[in-house]
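Colleague: What follows is a single structure, and I will ask about it in a moment.
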C-alpha cells in the first residue's frame, strides 16, 4: 500500500508527541523519517521508526537533551550531543556549519555523544539546499572486518558529499561496506543473489550469496583494502575531531548509541554551476554495457524515487504500518 | 641496484638545474621524486622522472611560473597554478592551508591550472608533519569508465586523508580505480593475475587478468558504483572549488596537464593522540584470514618501506637509472 507524505509525517509526529517529544522536535524527526521513506530509503524511514521509538522508551535517546557547543577553534566547533535524537542534533550541527561557511567560506562542527542520524544523505541535501557543499560522516557499531581480518572491527561509517545544483543536487551517500545489512536482507528475502560479491562465506571465499555473508558477518569493504582504510580514517576523523567515542568504544557499550560525527560545509555561492552539468553530461556520454542501462550521477535515483513517491504516494510495508499505528 | 637517498636526490637535482630550474625548485622537486622512491612509490619517483623532464622540455610544465592566490572567501583561497611544476604548487598550497588551519582551525586552498602532483600522499605527510589533518584531492585525465559505462569518462582522482600520529602518521592515499595502470603493468610484467578483479575483459566480464583490463581500458572503480560516484564527486569538488578544468576538459586537451586540486587542513594541535592508537589496536585485534597475514593501517606499509630503503638504499631500475644519468 501507499500513503501520502503528509499522512505519513503526521502519523509519525503524533506518536512522537505521545511519547513526550516537544512540538519542534516531533515535527523535525517525523519529517526526516517521512522524507527518508519518500526518497526510497525505507530502511531508515518508516521501517526504522519502531526501533527508534523503542530506544526512546529505553532512554537511549534523550528526547529533551540539548546539544551544546563546548569549544571553538576558529571556524571549527566542538559539540556535545548529550544523546539527544540524532536527526535533531545532526540538523542543528549542519545548520551551524552552513552559517559558519556563509560567513567564513568554510565551517565545521564535530559532535560527540550523538545518536544515529538515520540517512546521512539527509544532511547533504540540507547543505545543498542552503547553497553549500556539505561533507559529513558518522561512525557506527563495528559491523565489518578490516581487510585481511575476519572479525568486525570497523563501522560502515557512511560518508556524504553533496554539491548544490539547480536541476537536482549531487548527493553521494556512501557506506564503506559494499552492501549494508539492510540490502543483504532485501536480496535474501527476494531469494536473489547479489549483483557482485558482498563478502566471504564460511571458507573465506568471496560470495554473492547474501545469506552466507550474513551468516559469517564477513561483509566486504568497498574495494577491499581501500574501503577498509577509508572506514578506519573516517572513524579517526569523527572520533578525534569530536573527542567522542570510536567504533571500538561504541561497540564495547553493546548498543549503537553515543556515536561521533562531523559536518563540514563550504559556501558554494560563487561556484559555476556549469561545471557539474559538464561533468554529468560527460559521464553519461559513455556507451553503456547493456541496452537500456544508464550511467547515473550520485543523487539521481533518489530524486526520481522522490518524484514518483510524491506523485503516487509512499510505499509502506503493511505489517510495519499497522505496527506503527499501534505505537 | 640500490642508491642512497642523498645520491638519488642530488642526481635528480643536478638534472633539473641543468634544465633551467632555479635552486629552490630544483631542490624541492628532486626531494619529492627521491622521497617517492624512498617510500616505495617508484612509479611516481625515479621511474616517472624522465617523463617529467620531457614535459619540462615541451613546455607543458612552466618551470619559472609562480602560482598565485587570485581570490579569497574567508578561510578558502583560490589559486591559479599557472602550470608551474605540480609538486611545487601542491607543496605551497598545502603549506598555505596549514597556516590557515593553525590560525582559523581550518583552511582550504583550491588550485586551478596546476600540474601532476606525482604521489598525493606527499602532501598528506606534509600536513601531518605540521600537526594538521590534511585532506586533498586532484583530478586527472579520463582513465576509467563510470559504473555501467564502457568508455573512460572518469579520472582515478586520488583522495588523500592524513592524520598526525607520533608513531607514524595515518595517511590514506587512494585512487578511485581498484588498480592503477602502473599496478596492472607490474602484475602483467611479473606474469601474475591480480589478487581481485581489476576490470572487465572484451566480453564485459570481470577479470583478474591485468593484460585484458589494459586491453579494454575498462578499469574497475573501487566498489563498482560507489567508487564511480566518489570519483565523479571529487572531480566536481576540485573543478568547482578551483574554477579549473574538469576531467572532461583535461581529457579534451589530450595531455594530463592543467589539472584541478584542493588542499584542506584542520589543526590537529588539540586532538587526543590516543584515539588513533585505540582505533589501530582495535583493527589489528581482528583474527586474520591466513596465518602470517596482518591488518595494516593506512600509511603503515609506506613507513616500513621507508625505513628499509633508508637503511639499505633505494631500489632503482637499472635501465631507468642509466637513462636518468644521461639526461
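Here, each number is a calculation from the coordinates, and none is a lab measurement. Since this is a predicted model, take the numbers as computed values, not measurements. Here the Cβ is made from the backbone with ideal geometry for all residues, glycine too, and neighbour counts use every protein chain on show.
Colleague: What number does segment B:178-220 give for Rg over Rh if you use C-alpha atoms and the Kirkwood radius?
Modeller: Looking at segment B:178-220, the ratio lands at 0.90.
Colleague: Kindly identify segment B:192-327 as rounded, prolate or oblate by the Cα gyration tensor criterion: order the square roots of the eigenvalues as a ≥ b ≥ c, call it rounded if a/c is under 1.5, otherwise compare a/b with b/c, prolate if a/b is larger, else oblate.
Modeller: Taking the square roots of the gyration eigenvalues as a ≥ b ≥ c, segment B:192-327 is rounded.
Colleague: Anyone know which of A:87, A:193, A:106 comes out most mobile in the 10 Å Cα GNM of chain A?
Modeller: Sorting by GNM fluctuation, first place goes to A:193.
Colleague: Pick from A:279, A:63, A:161 the residue whose mean-square fluctuation is largest in a GNM of chain A, springs joining Cα atoms under 10 Å.
Modeller: A:279
Colleague: Now a separate question. Set the Förster radius R0 to 60 Å, insert the Cβ-Cβ distance between residue A:66 and residue B:19 as r into 1/(1 + (r/R0)^6), and round the FRET efficiency to 0.05.
Modeller: With a Förster radius of 60 Å, E is 0.45.
Colleague: Would you work out the relative contact order for segment B:178-220, in percent, from Cα pairs under 8 angstrom that are 6 or more residues apart?
Modeller: 40
Colleague: Is the shape of segment A:29-72 rounded, prolate or oblate, going by the alpha carbon gyration tensor and its root eigenvalues a ≥ b ≥ c, with a/c under 1.5 for rounded and a/b larger than b/c for prolate?
Modeller: oblate
Colleague: Which of A:92, A:189, A:206 ends up with the largest GNM mean-square fluctuation for chain A, with Cα atoms connected below 10 Å?
Modeller: A:189
Colleague: Would you mind pulling out the separation of the Cα centroids of segment B:260-312 and segment B:52-117, in Å?
Modeller: When both Cα centres are located, 27 Å separates them.
Colleague: To continue, here is another question. What is the spin-label model distance, in nm, from residue B:294 to residue A:281 if the labels are put 7 Å beyond Cα along the C-beta direction?
Modeller: Once both label points are built, they end up 5.2 nm from each other.
Colleague: Output needed for the protein assembly as shown: three equivalent-ellipsoid semi-axes, defined as square roots of 5 times the C-alpha gyration tensor eigenvalues, in descending order, whole Å.
Modeller: The equivalent ellipsoid of the protein assembly as shown has semi-axes of 41, 27, 24 Å.
Colleague: Quick one: work out the % antiparallel among DSSP beta bridges in chain B, nearest 5.
Modeller: 90
Colleague: Fewest to most neighbouring Cβ within 10 Å: what's the order for A:140, B:228?
Modeller: In order of increasing Cβ crowding within 10 Å: A:140, B:228.
Colleague: Just check segment B:134-253 against the gyration tensor rule for me: Cα atoms, a ≥ b ≥ c as the square roots of the eigenvalues, rounded for a/c under 1.5, and otherwise prolate or oblate depending on whether a/b exceeds b/c. Display every interim value, and only then the final one.
Modeller: Values: a/c = 2.18, a/b = 1.24, b/c = 1.75.
Oblate is the answer for segment B:134-253, as a/c is 1.5 or above yet b/c matches or exceeds a/b.
Colleague: Continuing with the same structure: Please report Rg (one decimal) and Dmax (integer) in Å for the Cα set of chain B.
Modeller: 19.7, 55
Colleague: Further question on the same structure: Describe numerically, in nm with one decimal, the distance between label points set 7 Å from Cα along Cα→Cβ at residue B:192 and at residue A:255.
Modeller: 4.8
Colleague: Right, next: Determine, for B:114, A:251, the number of other Cβ atoms within 10 Å of each Cβ, and report the residues in order from fewest to most.
Modeller: A:251, B:114
Colleague: In nm, what does the list of distances from residue A:253 to its counterparts in the other copies look like, shortest first, when each label sits 7 Å along Cα to Cβ?
Modeller: Those separations, rounded to one decimal, come out as 5.0 nm.
Colleague: Test of understanding: ordering B:69, B:37 by Cβ neighbours within 10 Å, fewest first, what list do you get?
Modeller: In order of increasing Cβ crowding within 10 Å: B:69, B:37.
Colleague: Still on this model: How much mean residue ellipticity at 222 nm does chain B get from its helices, if each DSSP H run of length 4 or more adds -39500 (n - 2.57) and you divide by all residues, to the nearest 500 deg cm²/dmol?
Modeller: Numbers: 12 runs with 142 residues, N = 327.
Value at 222 nm, helices only, nearest 500: -13500 deg cm²/dmol.
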